[in-house]
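**Student:** Structure below; questions to follow.
The numbers here are math on the coordinates, done by the rules we state, and not lab data. Since the structure is predicted, the reported quantities are computational estimates derived from the model, not experimental observations. We place every Cβ from the backbone using ideal geometry, glycine too, and count neighbours over all the protein chains shown.
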Amino acid sequence: MKRILRGHHLLCTHGFKGMGYSDDFVKVMSDITEELRNAELDFPIQVVQAFDDACQACPHKGKSECEKSEDSNDHVLSLDSRVLHHLGLKNGGIYMKSELINLTAERVKPTDLDHLCEGCSWLQYGVCKEGINKLRGKIRPA
């Protein structure tokens, strides 16, 4: 098993609670989230600033970019870029899930989401900050 995930989806999965753009998107994101939260599974994840496994089920997915709104593609690319930079990851790099989980727990505080996820419509619900806080409580830096 190998996953392809956008930079910002690395953070979304920790707070995901079944909200989404469509039933299909929620199903796919639920499956991805379940895999990422399963401590028994470790697998490679390619981190990208482009369409990923979750985007495949999004109703806003155009042929080559997000079409939710006029500036949505630039917005999601900037979210990806901020997360990749914050975590010290390379676009297109392949990392083990466990490594990404540990990096996120070590380097991302709930308050960091105010900058990393600025402009995200889901941020207002608080579930992402709650998820990051829970993750940080489970995993202690080495």
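**Student:** Report, by residue number, each residue of the stretch 79-101 that is part of a helix (DSSP H, G or I) and either surrounded by fewer than 17 Cβ atoms within 10 Å (Cβ to Cβ) or β-branched (Val, Ile, Thr) (or both). Working first, answer last.
**Tutor:** Let us first name the residues in the stretch 79-101 that are part of a helix (DSSP H, G or I), namely 79-87, 97-101.
Those that are part of a helix (DSSP H, G or I) and either surrounded by fewer than 17 Cβ atoms within 10 Å (Cβ to Cβ) or β-branched (Val, Ile, Thr) (or both): Ser81, Val83, His85, Ser98, Glu99, Ile101.
**Student:** Hey, another quick one. State all residues of the stretch 67-78 that are farther than 22 Å from Asp114 by Cα and either surrounded by 14 or more Cβ atoms within 10 Å (Cβ to Cβ) or in contact with a strand residue (DSSP E or B) (Cβ under 7 Å, 6 or more places away or on another chain) (or both); if no residue qualifies, say none.
**Tutor:** First pass over the stretch 67-78, keeping only residues farther than 22 Å from Asp114 by Cα: 67, 70.
Scanning the stretch 67-78 gives a single hit, Glu67.
**Student:** Cβ-Cβ distance below 7 Å, separation of 6 or more or different chains: which pairs start in the stretch 42-66 with a residue that is buried (at least 18 other Cβ atoms within 10 Å of the Cβ) and end on one that is among the hydroxyl-bearing types (Ser, Thr, Tyr) and assigned to a strand (DSSP E or B)?
**Tutor:** Ile45/Tyr95; Val47/Tyr95
**Student:** When the stretch 107-128 is examined, which residues are found to be in contact with a His (Cβ under 8 Å, 6 or more places away or on another chain) and touching a residue at least 40 places away in the same chain (Cβ under 8 Å)? Break it down stepwise before answering.
**Tutor:** Within the stretch 107-128, the first condition is being in contact with a His (Cβ under 8 Å, 6 or more places away or on another chain), and the residues that meet it are 107-108, 112, 116-117, 119-120, 128.
Residues satisfying the conditions are Val108, Leu116, Cys117, Gly119, Cys120, Cys128.
**Student:** Let me ask something else about it. What number of residues within the stretch 26-43 are within 24 Å of Leu89 (Cβ to Cβ), assigned to a helix (DSSP H, G or I) and either in contact with a Ser or Thr (Cβ under 6 Å, 6 or more places away or on another chain) or among the hydrophobic types (A, V, I, L, M, F, W, C) (or both)?
**Tutor:** Here the count works out to 5.
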